[in-house]
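Step one of this worksheet: look at the structure below.
What follows draws every value from the coordinates through simple rules; no lab data is involved. Computed from a prediction, not measured in an experiment: that's the story for all the values here. All Cβ positions, even for glycine, are placed from backbone atoms using ideal geometry, and neighbour counts span all protein chains on display.
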Amino acid sequence: MRLIFLGPPGVGKGTQAARFSERHDIVHIATGDLLRTAISEKTEVGLKAKDFIEAGHLVPDEVIIQLMKDRLQASDVQSGYVLDGFPRTLAQGKALSDLLKQNGSSIDRVICFYLDEAILLERIVGRRTCPSCHSVYHLRYRKPETDGFCRCGTALIKRTDDTAETVTERVAVYNNETATLIAYYKGQGLLTEVNADRALDAVSEAVEQVFQESSI
Ligand code: AP5
């Protein structure tokens, strides 16, 4: 099973991908998490990515494509995965297709979440994340059991790119560069759109329904 969760920043694709991964015992690959780990470990990829992320811009395709080529060769993902945050440009989408073709496989379904821009902003500004296990919380909608701490015991942080100014830039980047993937995957008959303007459980149910109806 190879799935892509697509959608603007803050729509909830990471939260839903984590839930789906747990429910179906499938690997969740989030490029944002891979990049943030690379930054904190000061790796070559991290050093290349840092300024782009903090400005709300996309990390260059060649960096991301190489990162994902390496990740998708690992033994834990050979039976499938849910991709969250990749691909994000047409070039990345085509590179993924080529890579899968070489291995005789393909994407099974793309779920594209949509949500009004004002709600995206509210979700992002109230988000708190765990730098250790990557769990995601919200000050209002998904509060941690202990204020300020993840269930794994690590102190929660606010992402450096979760400011109102950066979010506006990230949404513009999504509309200009990532939204072209909607037509790309629609043209291949792979895309289903899901309204993310519902409670967490209701969005999860909608995702589950898409999965069941796709008979993957
Ligand atoms: P990345 O980490 O992928 O960020 P993003 O795509 O901007 O998405 P977010 O993580 O902001 O949002 P999300 O949709 O996952 O929402 P979440 O579930 O957290 O990328 C960061 C940066 O890395 C990019 O800007 C770019 O620079 C770089 N990058 C990454 N991938 C790249 C690529 N392929 N190419 C180039 N550059 C790349 O939810 C948001 C909040 O809402 C949370 O607080 C959550 O608790 C809450 N919430 C979720 N669902 C609901 C709900 N139904 N009701 C109420 N609250 C909800």
Report task. Once every Cα of segment 95-210 carries one equal point scatterer and solvent is ignored, give the base-10 log of I(q)/I(0) from the Debye formula at q = 0.14, 0.17 Å⁻¹, two decimals. Result -> -0.80, -1.07
Query raised in the report: Along the positive direction of the dipole of the chain (beta-carbon charges: Lys, Arg +1; Asp, Glu -1; about the Cα centre), which of L96, L121, S132 reaches farthest?
Result: S132
Query raised in the report: On alpha-carbon atoms, Rg over Rh for segment 1-96 using Kirkwood Rh?
Result: 0.95
Report task. For segment 129-172, would you read off the P(r) tail past 16 Å as a percentage of all alpha carbon pairs? Result -> 43 percent
Query raised in the report: If you find the alpha carbon centre of segment 23-89 and of segment 159-184, how far apart are they in angstrom?
Result: 16 Å
Query raised in the report: Which three lengths, in whole Å and largest first, does the chain cover when its Cα atoms are put on their principal axes?
Result: 47, 40, 34
Query raised in the report: Magnitude of the Cβ-charge dipole of the chain, K/R +1 and D/E -1, about the Cα centre, nearest 20 debye?
Result: 200 debye
Query raised in the report: Can you give the FRET efficiency for S79 and A183, using 1/(1 + (r/R0)^6), R0 = 30 Å, r = Cβ-Cβ distance, to the nearest 0.05?
Result: 0.50
Report summary line: Set K13/K94; K48/K143; K42/K143; K94/K158; K48/K101; K101/K186, cut-off 23 Å on Cα-Cα distance; pairs above it are K48/K143; K42/K143; K94/K158; K48/K101
Query - Percent RCO, i.e. relative contact order, over segment 17-117, from Cα pairs under 8 Å lying at least 6 residues apart - result: 29 percent
Query raised in the report: What percentage of all Cα-Cα pairs in segment 1-40 are separated by more than 14 Å?
Result: 51 percent
**Report entry** Protection proxy ranking, peptides 47-56, 197-206, average beta carbon neighbours within 10 Å, highest first
**Finding:** 47-56, 197-206
Query raised in the report: Over the chain, what is the relative contact order in whole percent, taking alpha-carbon pairs under 8 Å and six or more residues apart?
Result: 29 percent
Report task. Select from L35, Q16, L6 the residue farthest towards the positive end of the dipole of segment 5-75; place +1 on Cβ of Lys and Arg, -1 on Cβ of Asp and Glu, and compute about the Cα centre. Result -> Q16
